[in-house]
1. Taking the stretch 32-86 only, how many residues are among the small types (G, A, S) and in contact (Cβ under 8 Å) with a residue 24 or more places away in the chain?
2. It is to be established whether one or more residues within the stretch 119-134 are without any contact (Cβ under 8 Å) to a residue 40 or more places away in the chain and within 22 Å of L91 (Cα to Cα).
3. Write out, first by first residue and then by second, each pair whose Cβ atoms fall under 6 Å of each other, whose residues are 6+ apart or on separate chains, and whose first residue, in the stretch 1-21, is at positive phi and modelled with pLDDT of 80 or more while the second is part of a strand (DSSP E or B) and aliphatic (A, V, I, L, M).
4. For the stretch 153-174, how many residues meet the condition of being over 30 Å from A111 (Cβ atoms), assigned to a helix (DSSP H, G or I) and in contact (Cβ under 8 Å) with a residue 40 or more places away in the chain?
5. Are any residues in the stretch 105-129 touching a helix residue (DSSP H, G or I) at 6+ places or on another chain (Cβ under 8 Å) and among the hydroxyl-bearing types (S, T, Y), and if so, which ones?
6. Tally up the residues in the stretch 17-36 that are charged (D, E, K, R) and touching a strand residue (DSSP E or B) at 6+ places or on another chain (Cβ under 9 Å), please.
7. Taking the stated definitions as given, is R131 surrounded by 13 or more Cβ atoms within 10 Å (Cβ to Cβ), basic (K, R) and out of contact with any strand residue (DSSP E or B) (no Cβ under 9 Å at 6 or more places or on another chain)?
8. So if I check each of A118, A102, A180, which one is over 18 Å from the mean Cα position of the chain (by Cα) and part of a helix (DSSP H, G or I)?
Amino acid sequence: MDQPDTLQRIAVIGTSCSGKTTLARTLAGHIDVPHIQLDTLHWLPNWQSRTLAEFQSLTAAAIAAERWVLDGNYSQVRPIIWRRATALIWLNYAFPVVFWRALKRTVRRAATREELFAGNRETFRQSFFSRDSILLWVLQTYHRRRREYPQLFKEPQFSHLHVIEFQSPRQTALFVAQVAKQG
């Protein structure tokens, strides 16, 4: 926080449902920079993925700006983003916190038929009785991400990144309050 250049281009990472988008949107508002949501760049209608080339191109164009806050974990575009980012904020919360958030969010979205990216919506069937379930995805990826990220942070091509790890929503809230004060 002491170095203004540190928060020029922030990538918010963490397991699905940890609060990446909420944090990124909030930070972007406080420091008055664009918010980039990778899910919006990735998904087409009917939960179809963009081609890799298109996704990479859209991501590169989105992060060409001098300042931004981005959220997402897509390994297909990670090198593009991390090379350009100045800071990574890792929401490394305990599994019960993340899974509870995933469950609440999934039920709310399915019940309200909330529109997501490209008109897509979560359904109870998809969320609870499908291999495409976000809850199953959280179960499958949570521990892998916790092992994977520290190793990635050590790679020489990412040594320029200022990594900020939050292990609780309280730590994150204190950081946001500090940014808001300085904003």
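The values are calculated or read from the model by the stated rules, or taken from the named source; none is laboratory data. None of these values were measured; they are calculated from a predicted model. FYI the Cβ positions are ideal-geometry reconstructions off the backbone, even for glycines, and counts take in every protein chain you see.
1. So the count comes out to 4.
2. Taking every residue of the stretch 119-134 in turn, at least one turns out to be without any contact (Cβ under 8 Å) to a residue 40 or more places away in the chain and within 22 Å of L91 (Cα to Cα).
3. Sorted first by the residue in the stretch 1-21, then by its partner, the pairs are G14/L91; G19/L91.
4. Result for the stretch 153-174: 3.
5. Matches in the stretch 105-129: T106, T123, S127.
6. Residues meeting the conditions: 2.
7. no
8. Selected residue: A180, the only one of A118, A102, A180 that is over 18 Å from the mean Cα position of the chain (by Cα) and part of a helix (DSSP H, G or I).
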